[in-house]
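Enquirer: Sharing a structure with you now.
The values are calculated or read from the model by the stated rules, or taken from the named source; none is laboratory data. The structure displayed is predicted, hence computed values, not measured ones. When we count neighbours, we look across all protein chains shown, and the Cβ atoms used for this are built from the backbone with ideal geometry, even at glycine.
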Amino acid sequence: MSSQQSSSPQRTDARNPWLFDTHELGRSPGSSHHLRRELPATTALGVPDVVVVAEGTTITVDLLLESVVEGVLITGTAHTTTEGQCSRCLDPITGEVDVQLTELFAYPDSTTDETAEEDEVSRIVDDMIDLEPLVRDTLVLALPLVPLCSDDCEGLCSGCGMKWAELEPGHGHETIDPRWAALLDRLEDTSGGETANGSDR
């Protein structure tokens, strides 16, 4: 069993740092290769105006690549930072996300390659592994659906739109039942008309 360690593999497509050349690993089952890279997000990941990994943000991957009979098994972690806004008060927020990665990349003409549907398994193409789809999809699934600046954020007042945390105790707004609003408007108009008539006398 051979083991290699590398923080910047020698054979990398300079145009796409997400690619890993499997020649560095070899096809002998049991051989392994440790890979640690800091890679750029090529596009924004997530939901705009909610939470995203912004385009160009550094994603750090720490992976173990192991040669197995059917392909290359990848396990490890990915870490990056996020930005967005609190779902309650809308303040800008930043955060971090860590994910676990596990994926088999099938060799061409392997049993896995021949029997699996196209979208059921990742594949090695031209001896290269593209790490980006695996990392991208795993990160997106790990992003919070309702990001918060703090667990106890009170959000915004529905009456004036101000943050509850910045309002005085007892803050509130008088509300009128919409069923009575038209009647009150009519009474005010009537009252105004009587005053005007009375002043003409």
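Enquirer: From GLY192, GLY170, grab the single residue that is part of a loop (DSSP other than H, G, I, E, B) and modelled with pLDDT under 70.
Expert: Just a single option satisfies the conditions, and that option is GLY170.
Enquirer: All but one of (1) in contact with a helix residue (DSSP H, G or I) (Cβ under 8 Å, 6 or more places away or on another chain); (2) outside any loop (DSSP other than H, G, I, E, B) hold for THR81; state the number of the condition that does not hold.
Expert: That leaves (1) as the condition not met.
Enquirer: Given (1) farther than 25 Å from LEU25 by Cβ; (2) in contact (Cβ under 8 Å) with a residue 24 or more places away in the chain; (3) among the acidic types (Asp, Glu), where does ASP127 come up short, assuming only one miss?
Expert: Only one criterion in (1) farther than 25 Å from LEU25 by Cβ; (2) in contact (Cβ under 8 Å) with a residue 24 or more places away in the chain; (3) among the acidic types (Asp, Glu) is unmet by ASP127, namely (1).
Here is a yes/no grid of residues against (1) part of a strand (DSSP E or B); (2) over 22 Å from HIS79 (Cβ atoms); (3) in the same structural domain as ARG88 (by TED's automatic domain parsing); (4) touching a Gly at 6+ places or on another chain (Cβ under 8 Å):
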| position | (1), (2), (3), (4) |
| --- | --- |
| ASN16 | no, no, yes, no |
| ARG27 | no, yes, yes, no |
| GLY30 | no, yes, yes, no |
| HIS34 | yes, no, yes, no |
| ARG37 | yes, no, yes, no |
| THR43 | no, no, yes, no |
| GLY46 | yes, no, yes, yes |
| ASP49 | no, yes, yes, yes |
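Enquirer: Looking at (1) at pLDDT 90 or above; (2) not in a helix (DSSP H, G or I), which is the one condition that is false for ARG136?
Expert: Failed condition: (2).
Enquirer: Consider ASP98 carefully, then state whether it is surrounded by fewer than 14 Cβ atoms within 10 Å (Cβ to Cβ), modelled with pLDDT under 95 and either charged (D, E, K, R) or assigned to a strand (DSSP E or B) (or both). Break it down stepwise before answering.
Expert: Numbers: surrounded by fewer than 14 Cβ atoms within 10 Å (Cβ to Cβ): yes; modelled with pLDDT under 95: no; either charged (D, E, K, R) or assigned to a strand (DSSP E or B) (or both): yes.
Judged against the criteria, ASP98 is not a match.
Enquirer: Moving to a separate point now. Working only within the stretch 132-153, note down all residues that are over 23 Å from THR80 (Cα atoms) and surrounded by 13 or more Cβ atoms within 10 Å (Cβ to Cβ).
Expert: Across the stretch 132-153, the qualifying residue is only CYS153.
Enquirer: Which of the residues spanning the stretch 101-131 are surrounded by 19 or more Cβ atoms within 10 Å (Cβ to Cβ) and among the acidic types (Asp, Glu)?
Expert: Matches in the stretch 101-131: GLU103 only.
Enquirer: Tally time: how many residues in the stretch 89-101 are more than 21 Å from THR57 (Cα to Cα) and touching a helix residue (DSSP H, G or I) at 6+ places or on another chain (Cβ under 9 Å)?
Expert: Kept after step one, since they are more than 21 Å from THR57 (Cα to Cα), are these residues of the stretch 89-101: 89-90.
In the following step, the residues that additionally are touching a helix residue (DSSP H, G or I) at 6+ places or on another chain (Cβ under 9 Å) were identified as 89.
Counting residues in the stretch 89-101 that are more than 21 Å from THR57 (Cα to Cα) and touching a helix residue (DSSP H, G or I) at 6+ places or on another chain (Cβ under 9 Å) gives 1.
Enquirer: Among the residues of the stretch 51-78, what is the count of those that are touching a residue at least 24 places away in the same chain (Cβ under 8 Å) and not in a strand (DSSP E or B)?
Expert: Of the residues in the stretch 51-78, 4 are touching a residue at least 24 places away in the same chain (Cβ under 8 Å) and not in a strand (DSSP E or B).
Enquirer: Would you check if there is a residue in the stretch 80-94 being modelled with pLDDT of 95 or more and farther than 28 Å from SER150 by Cα?
Expert: No: zero hits.
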